[in-house]
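A short worksheet on the structure shown next.
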Amino acid sequence: MNNIGAPKIKGRGMVKWRPFASMPEQFLGIKQLIEDQTKLPRPIVTQDMKEEIERALLESMKLQKTIMISYYQDGQILHETVVVKAIAGQTGMVFFRDLFGVSLRLWFGDVVGVD
């Protein structure tokens, strides 16, 4: 027999690496459960901490000083080294620029720490 156009498959190919691929809904459910287990509750920021954060943000904006911020997003606490570009007092938004020049925008309430 001459199988000129047929691919040559050795063993089971990629089938052996996907034993449960017959139930993709199960994968989505398991992935969601794992993500939910790794989420952290929103940290409590006291009034003193808010004032300290505000002072550091204003200083960074005025002096174009690089600061390290910690912020809460989607159940995680993330850290960025940034320079504050602007603070919109009416909307509560803070605009940053990171070390690579990428702009970042956060609610003031999401910022949980400044170093």
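The values are calculated or read from the model by the stated rules, or taken from the named source; none is laboratory data. Model, not experiment: these values are computed from the prediction. Counting neighbours? That spans all protein chains shown, and the Cβs are built from the backbone with ideal geometry, glycine included.
Of everything in segment 88-98, what is out of contact with any helix residue (DSSP H, G or I) (no Cβ under 8 Å at 6 or more places or on another chain) and either modelled with pLDDT of 95 or more or part of a strand (DSSP E or B) (or both)? Give them in sequence order. Don't jump to the end; show me each part of the working.
First, the residues of segment 88-98 that are out of contact with any helix residue (DSSP H, G or I) (no Cβ under 8 Å at 6 or more places or on another chain): 88-91, 95-98.
Those that are out of contact with any helix residue (DSSP H, G or I) (no Cβ under 8 Å at 6 or more places or on another chain) and either modelled with pLDDT of 95 or more or part of a strand (DSSP E or B) (or both): A88, F95, F96, R97, D98.
Of the residues D115, D48, which is at pLDDT below 95 and acidic (D, E)? Reasoning before the result, please.
Details: D48 fails: at pLDDT below 95.
That would be D115, the only listed residue that is at pLDDT below 95 and acidic (D, E).
Please go through segment 7-28 and give me each residue that is at pLDDT 70 or above and either more than 23 Å from D74 (Cβ to Cβ) or more than 21 Å from the chain's Cα centre (by Cα) (or both), ordered by number.
M23, P24, E25, Q26, F27
When segment 59-87 is examined, which residues are found to be assigned to a strand (DSSP E or B) and either touching a Cys at 6+ places or on another chain (Cβ under 9 Å) or over 14 Å from F108 (Cα atoms) (or both)?
So in segment 59-87, the residues assigned to a strand (DSSP E or B) come out as 67-73, 76-87.
Residues satisfying the conditions are I67, M68, Q76, I77, L78, H79, E80, T81, V82, V83.
Consider T81 carefully, then state whether it is β-branched (V, I, T), surrounded by fewer than 11 Cβ atoms within 10 Å (Cβ to Cβ) and at negative phi. Give the derivation first.
Details: β-branched (V, I, T): yes; surrounded by fewer than 11 Cβ atoms within 10 Å (Cβ to Cβ): no; at negative phi: yes.
No, not satisfied.
Under the condition of being of a type in the set (D, E, K, R) and loosely packed, with under 11 Cβ neighbours inside 10 Å, which residue from segment 29-45 is modelled with the highest pLDDT?
Filtering segment 29-45 for residues that are of a type in the set (D, E, K, R) and loosely packed, with under 11 Cβ neighbours inside 10 Å, the one modelled with the highest pLDDT comes out as K39.
Which pairs do you get when a residue that is in a helix (DSSP H, G or I), found in segment 20-47, comes within reach of a residue that is at pLDDT below 80, reach meaning Cβ atoms under 9 angstrom, with the pair 6+ apart or on two chains?
Q26/F20; F27/F20; F27/A21
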